[in-house]
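**Q** Below is one structure. I have some questions about it.
We did not get these values from a lab; they are worked out from the coordinates using the rules stated. The structure presented is a predicted model; accordingly, all values stated were derived computationally and were not measured. Please note: Cβ atoms are built from the backbone with ideal geometry, for glycine as well, and neighbour counts cover all protein chains shown.
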Amino acid sequence: MAKLQVELVTAEGRVLSQEADFVVAPGLAGDLGVLPRHIPLLTPLRTGELMVRNDGHEELLFVAGGFIEILPDKVTILADAAERAEHIDEARAEEARKRAQELLTQDATNAEAAASLERAIFRMRVADVRRRRRERPQGPPSGQ
Ligand code: ATP
């Protein structure tokens, strides 16, 4: 069966490089589901969750902005920031969330604080999904 080669990189280095059957990325206009043989596409990403599925195993990652380039056999993501769930420091994200919320209380139009709050919330969500998956017995992904 055809596969996708997925590369996720930031200015700091390579976060993920693997084969996949299916990828869901947070496109600006909504979630982008990518299967092998997708038409070529280059589009911006928003902050959110990246799902990479291979042979029934799903990995959820955090990505903040950047671009996704889709080719029939390859997906390349250049993100402003990205972390695998196990590399997310939840205490740091919680601190960032509190800081951003405090700034937004002082000035609700602070766009930088709003973006920071969004990053913190998605980081906490990705880390939380990973914890819940580890707590329950392994089974096939839902819908299969
Ligand atoms: P903070 O205020 O805690 O720095 P931030 O949202 O401003 O958070 P970013 O600008 O998105 O941070 O990222 C800066 C660098 O720090 C990136 O390399 C990113 O991967 C890393 N990073 C930020 N927050 C976390 C976190 N909670 N866990 C792991 N790495 C993080």
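**Q** Taking only Cα atoms, what is the 0 to 90° angle, nearest 10, from helix 111-135's long axis to the longest principal axis of the chain?
**A** Once rounded, the angle reads 50 degrees.
**Q** Still on this structure, I have one more. Expressed as a fraction of 2.2 N^0.38 Å, the rule-of-thumb size for a compact globular protein of N residues, what is the C-alpha radius of gyration of segment 89-135?
**A** 1.27
**Q** If I build a Gaussian network model for the chain, linking alpha-carbon pairs within less than 10 angstrom, which residue out of Leu35, Leu104, Leu71 has the largest mean-square fluctuation?
**A** Highest fluctuation among the options: Leu104.
**Q** Let me ask another. Starting from the exponent 0.38 and prefactor 2.2 Å, build the expected Rg for segment 53-122 from its residue count and divide its actual Cα Rg by it.
**A** Dividing the Cα Rg of segment 53-122 by 2.2 N^0.38 Å gives 1.39.
**Q** Then there is this: Note down the magnitude of the dipole of segment 1-82 about its Cα centre, charges +1 on Lys and Arg C-beta and -1 on Asp and Glu C-beta and zero elsewhere, to the nearest 20 debye.
**A** 200 debye
**Q** Also, quick follow-up: Based only on the alpha carbon positions, what is the Kirkwood hydrodynamic radius of the chain, in angstrom?
**A** On the way: mean 1/r = 0.0626 Å⁻¹.
The Cα-based Kirkwood calculation yields 16.0 Å.
**Q** Using only Cα atoms, tell me the angle between helix 90-106 and the longest principal axis of the chain; keep it within 0 to 90° and round to the nearest 10.
**A** 50 degrees
**Q** From the backbone phi of segment 56-70, what are the Karplus-calculated ³J(HN,Hα) couplings (6.51 cos²θ - 1.76 cosθ + 1.60, θ = phi - 60°) in whole Hz, Gly and Pro given as x?
**A** x, 9, 10, 10, 10, 10, 9, 10, 10, x, x, 9, 10, 10, 10
**Q** Another question about this same structure. Let me know the Rg and Dmax you get for segment 4-86 when you use only its Cα atoms, in Å.
**A** 11.2, 32
**Q** Given a cut-off of under 8 Å on Cα pairs at least six residues apart, what relative contact order in percent is computed for the chain?
**A** Relative contact order, the chain: 21 percent.
**Q** GNM on the chain, C-alpha springs below 10 Å: top fluctuator among Thr47, Thr76, Thr105?
**A** Among Thr47, Thr76, Thr105, the largest GNM mean-square fluctuation belongs to Thr105.
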